[in-house]
Amino acid sequence: MRDSVVRETVLGSEMDALLLRSLQSYVIDTFGPDRWQAVCRRAELAVSTFEPMLHYDLGTADRIAQVAAEVLGRPVDAIWEDVGIHLVTHPDREGIRRLLRFGGVSFADFLHSLEELPGRARLALPDLDVPEVTLDELGEDRFELRCQSPLRATQRVLIGLLLAMADDYGALCVISAEAGDCTSIAVLDRGHAKGRRFDLAVPEG
């Protein structure tokens, strides 16, 4: 194993661990366990499962994603955006979708609630180093979102999450990565399509 590729640490990054686990779930759910095993072999990993509450060297998620891009034959940015979409849309991740939908009744309300997410996440996981999020409203239905993180993956995962949530609300949006840590969001039509049903109460069963 190349020790520089993956190593559990005491002072490492929990965000790396969460991104690695999300990447693992996305590849397995979308392409099957054999493709994930191929990623692990190419990366010369000693283990094939990442635990979300362990610490891994900062930047490990970005490095493993590059290996996944080589195995899957897809751009690494596209893979991370798909990871963000997967976090919201996969049936097993309904809890994440519900947490985000509590942000408001419209997609614009949801965007404004994003600044509160790091604080809410720390209430559940006090040691989690969640990047701060800031939203600037440039005009009617035009926004800039900044999420400062040393991990390249963070912005692309966030874009995928935003795209999935726009669909969830039925909004038509143009969302793109800009220079630095800035993501531009233009809401073209708030009622473009019927949004997915959302109930405050968790469905029984």
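The values are calculated or read from the model by the stated rules, or taken from the named source; none is laboratory data. In this text, all values refer to a predicted model and were calculated from it rather than measured experimentally. Neighbour counts run over all protein chains shown; Cβ positions are idealised from the backbone, glycine included.
Quick notes on this structure:
- The set of residues from the range 170-181 being under 14 Å from residue 111 (Cβ atoms) and either under 16 Å from the mean Cα position of the chain (by Cα) or free of Cβ contacts under 8 Å to residues at least 60 places away in the same chain (or both) comprises 174, 175.
- Hey, residue 74 surrounded by fewer than 18 Cβ atoms within 10 Å (Cβ to Cβ), in contact (Cβ under 8 Å) with a residue 40 or more places away in the chain and under 30 Å from residue 170 (Cβ atoms) or not: no
- Selection count where residues are in contact with a strand residue (DSSP E or B) (Cβ under 7 Å, 6 or more places away or on another chain) and surrounded by fewer than 21 Cβ atoms within 10 Å (Cβ to Cβ), scope the range 160-170: 1
- Residue 74 being in contact with a Gly (Cβ under 8 Å, 6 or more places away or on another chain), at pLDDT 80 or above and among the charged types (D, E, K, R): no
- Just one of the listed residues (65, 43, 69) is surrounded by 13 or more Cβ atoms within 10 Å (Cβ to Cβ), free of Cβ contacts under 8 Å to residues at least 12 places away in the same chain, farther than 23 Å from residue 166 by Cα and touching a helix residue (DSSP H, G or I) at 6+ places or on another chain (Cβ under 8 Å), and it is 69.
- Matching residues, the range 85-115, being under 15 Å from residue 167 (Cα atoms), modelled with pLDDT of 85 or more, in the same structural domain as residue 161 (by TED's automatic domain parsing) and assigned to a helix (DSSP H, G or I): 107, 108, 109, 110, 111
- In the range 62-76, the count of residues that are of a type in the set (S, T, N, Q), assigned by TED's automatic domain parsing to the domain that holds residue 23 and assigned to a helix (DSSP H, G or I) is one or more.
- Qualifying residues in the range 77-111 (those that are of a type in the set (Val, Ile, Thr) and within 14 Å of the chain's Cα centre (by Cα)) - the one surrounded by the fewest Cβ atoms within 10 Å (Cβ to Cβ): 96
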